[in-house]
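The values are calculated or read from the model by the stated rules, or taken from the named source; none is laboratory data. The shown structure was predicted, so the numbers you read here are calculated from the model rather than taken from an experiment. When we count neighbours, we look across all protein chains shown, and the Cβ atoms used for this are built from the backbone with ideal geometry, even at glycine. Just so you know, the surface numbers come from the protein's heavy atoms only, side chains and all, with ligands and any DNA or RNA stripped out. Shrake-Rupley method; radii C 1.70, N 1.55, O 1.52, S 1.80 Å.
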Amino acid sequence: MDSRSVAKYVEDAEHINMPHRLFTLIFPIDSANNRVLLGMKKRGFGKDKYNGFGGKVEPAESIESGAIRELAEESGLLAKRVDKCGLLFFYFENDPVAMEVHVYLTKEFTGHAVETEEMAPKWYPIDGLPFELMWADDSRWWPLVLKKQKFTARFWFLSDMTTITREEIVPVESLEF
């Protein structure tokens with residue numbers, strides 16, 4: 001298992017030895033206008049869904065650095081400071097590898113959002129996200145983000161990548177392990 005993974009602190013006995021891939025997810029927040037930037041995924045995993053910005057963590061970078069890099073690559077924004085708000089684990093039917101996703105917010109960033117080959121950015125009211133156009137799990141944990149409550153969550157999806165068969169969401173005091 002990747003030494004940067006926190007699965008050993010969070011996972012149950014059934015999943016702790018399962019391979020995990022590390023990912024990031026970052027949401028730019030415009031506090032002055034009470035809005036959040038989402039991106040419509042234009043290709044690959046999650047195509048045609050709105051989401052935060054993120055992707056795989058490269059071998060030589062920290063998870064936080066990966067979030068900052070992905071935001072810059074996918075939106076043109078440069079995060080000056082990020083705050084970890086959540087940790088997601090996804091298990092997909094017939095996939096032997098779990099996704100471990102570290103979720104960040106940034107309220108301090110520079111630049112202007114631009115469309116890239118991968119994402120088409122759009123601002124939404126922070127309390128009015130288009131959940132019908134997003135991953136099925138997003139509506140279940142986003143309310144915790146609005147309450148400034150850190151969390152860990154685990155979701156089991158069927159192979160259709162839409163149907164959630166099981167979920168566990170746990171508010172936590174800290175995401176430092």
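Looking at the structure I just gave you, is Lys80 exposed (fewer than 14 other Cβ atoms within 10 Å of the Cβ), among the charged types (D, E, K, R) and more than 23 Å from Leu146 (Cβ to Cβ)?
In short, no.
For Ala32, work out the one condition from (1) open to solvent by 10 Å² or more (accessible area, probe 1.4 Å); (2) touching a helix residue (DSSP H, G or I) at 6+ places or on another chain (Cβ under 9 Å) it doesn't fulfil.
(2)
Val170 - would you say it is at pLDDT 95 or above, open to solvent by 20 Å² or more (accessible area, probe 1.4 Å) and over 18 Å from Gly46 (Cα atoms)?
Considered against the rule, which asks whether it is at pLDDT 95 or above, open to solvent by 20 Å² or more (accessible area, probe 1.4 Å) and over 18 Å from Gly46 (Cα atoms), Val170 comes out as yes.
State which residue pairs qualify: first residue open to solvent by 50 Å² or more (accessible area, probe 1.4 Å) and inside the stretch 39-68, second residue in a strand (DSSP E or B) and among the hydrophobic types (A, V, I, L, M, F, W, C) in any location, beta carbons under 8 Å apart, and separation of 6 or more residues or different chains.
Once the first residue is open to solvent by 50 Å² or more (accessible area, probe 1.4 Å) and sits in the stretch 39-68, its partners that are in a strand (DSSP E or B) and among the hydrophobic types (A, V, I, L, M, F, W, C) give Lys42/Met119; Lys42/Ala120; Asp48/Met40; Lys56/Leu22; Lys56/Phe23; Glu64/Val82.
In the set Thr106, Thr116, which member is polar (S, T, N, Q) and open to solvent by less than 20 Å² (accessible area, probe 1.4 Å)?
Thr106
Looking at (1) under 21 Å from Leu175 (Cα atoms); (2) open to solvent by less than 50 Å² (accessible area, probe 1.4 Å); (3) in a strand (DSSP E or B), which is the only condition Arg21 fails?
(2)
Cβ-Cβ distance below 8 Å, separation of 6 or more or different chains: which pairs start in the stretch 120-146 with a residue that is under 18 Å from Pro28 (Cβ atoms) and open to solvent by 30 Å² or more (accessible area, probe 1.4 Å) and end on one that is hydrophobic (A, V, I, L, M, F, W, C) and in a loop (DSSP other than H, G, I, E, B)?
Pro121/Ala113; Pro121/Val114; Trp123/Ala113; Leu146/Ile126
Are there any pairs with C-beta distances below 8 angstrom linking a residue in the stretch 149-164 that is more than 24 Å from Cys85 (Cβ to Cβ) to a residue that is buried (at least 19 other Cβ atoms within 10 Å of the Cβ), with the two at least 6 apart or on different chains, and if so which?
Thr163/Phe157
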